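Student: The following block contains the structure, expressed as structure tokens.
The values are calculated or read from the model by the stated rules, or taken from the named source; none is laboratory data. Keep in mind that this is a model prediction, so the values were computed, not measured. Neighbour counts run over all protein chains shown; Cβ positions are idealised from the backbone, glycine included. SASA here: full protein model, heavy atoms, side chains in, ligands and nucleic acids out. Shrake-Rupley method; radii C 1.70, N 1.55, O 1.52, S 1.80 Å.
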Amino acid sequence: MSANIVNTTDENFENDVLKSDVPVLVDFWAGWCAPCKAIAPVLEVLSTEYEGKVKIVKVDVTACEATAVNYNIRNIPALLMFKDGEVVAQQIGAVPKSKLAAFIEDHV
């Protein structure tokens, strides 16, 4: 996994995401989810392309149930964009790199 991607926990979510000084793309995923595995390499590439502009944080919904419930995650992969501690956009499901890049561009 890219050094630019942060794996967070329920305990660290506030510091990793809500208190970030740059926009944060949070990937809610699970190890058993094929579409989640499909977009993982795309997120790695984007984490390098947007280094310093956007932080990419992964939340394993099986390990971080409280955070997943708090953000009403019902389908994965669920990508939520946070700015200044608030959710400003969401994208559900695996999408091509071009669509994810456009999603990020809308918020940087």
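Student: Please compute the net charge surrounding Leu18, taking Lys and Arg as +1 and Asp and Glu as -1 over other residues with Cβ under 15 Å from its Cβ. Present the calculation step by step, with values, prior to reporting the outcome.
Tutor: Values: positive: Lys19, Lys55, Lys83; negative: Asp10, Glu11, Glu14, Asp16, Asp21, Asp84, Glu86.
Here the charged neighbours net out to -4.
Student: Please turn the phi angles of the stretch 45-53 into ³J(HN,Hα) values with the Karplus equation 6.51 cos²θ - 1.76 cosθ + 1.60 (θ = phi - 60°), one per residue in order, whole Hz, x for glycine and proline.
Tutor: Couplings: 4, 5, 4, 7, 5, 10, 3, x, 9 Hz.
Student: Run lengths n ≥ 4 of DSSP H only: what is the helix-derived mean residue ellipticity at 222 nm for the chain, with -39500 (n - 2.57) per run over all residues, to the nearest 500?
Tutor: Helix contribution divided over all residues of the chain: -8500 deg cm²/dmol.
Student: May I ask for the net charge around Ala40, where only other residues with Cβ less than 14 Å from the Cβ of Ala40 are counted and Lys, Arg are +1 while Asp, Glu are -1?
Tutor: Local charge sum for Ala40: 0.
Student: I'd like to know which of Pro41, Val59, Val6 lies farthest towards the positive end of the charge dipole of the chain, counting +1 on Cβ of Lys and Arg and -1 on Cβ of Asp and Glu.
Tutor: After comparing all options, I get Pro41.
Student: A further question follows. Quick one: divide the alpha-carbon radius of gyration of the chain by 2.2 N^0.38 Å and tell me what you get.
Tutor: Here the answer is 0.94, to two decimals.
Student: Under 13 Å between alpha carbons: how many lysine pairs meet that in the chain, if sequence neighbours fewer than 8 apart on the same chain are excluded? List each step's numbers first, then the result.
Tutor: On the way: Lys19/Lys55; Lys19/Lys83; Lys37/Lys58; Lys53/Lys83; Lys55/Lys83.
Pairs that pass both the separation and distance tests number 5.
Student: For the stretch 1-41 and the stretch 42-76, what is the separation of their Cα centres, given in Å?
Tutor: Their Cα centres are 3 Å away from one another.
Student: Ok, one more. Expressed as a whole percentage, what fraction of the accessible surface of the chain belongs to carbon and sulfur atoms when a 1.4 Å probe is rolled over the protein heavy atoms?
Tutor: Carbon with sulfur: 49 percent of the solvent-accessible area.
Student: Please identify, among Ala63, Ala40, Ala94, the residue showing maximal mean-square fluctuation in a Gaussian network model of the chain using a 10 angstrom Cα cutoff.
Tutor: Ala63
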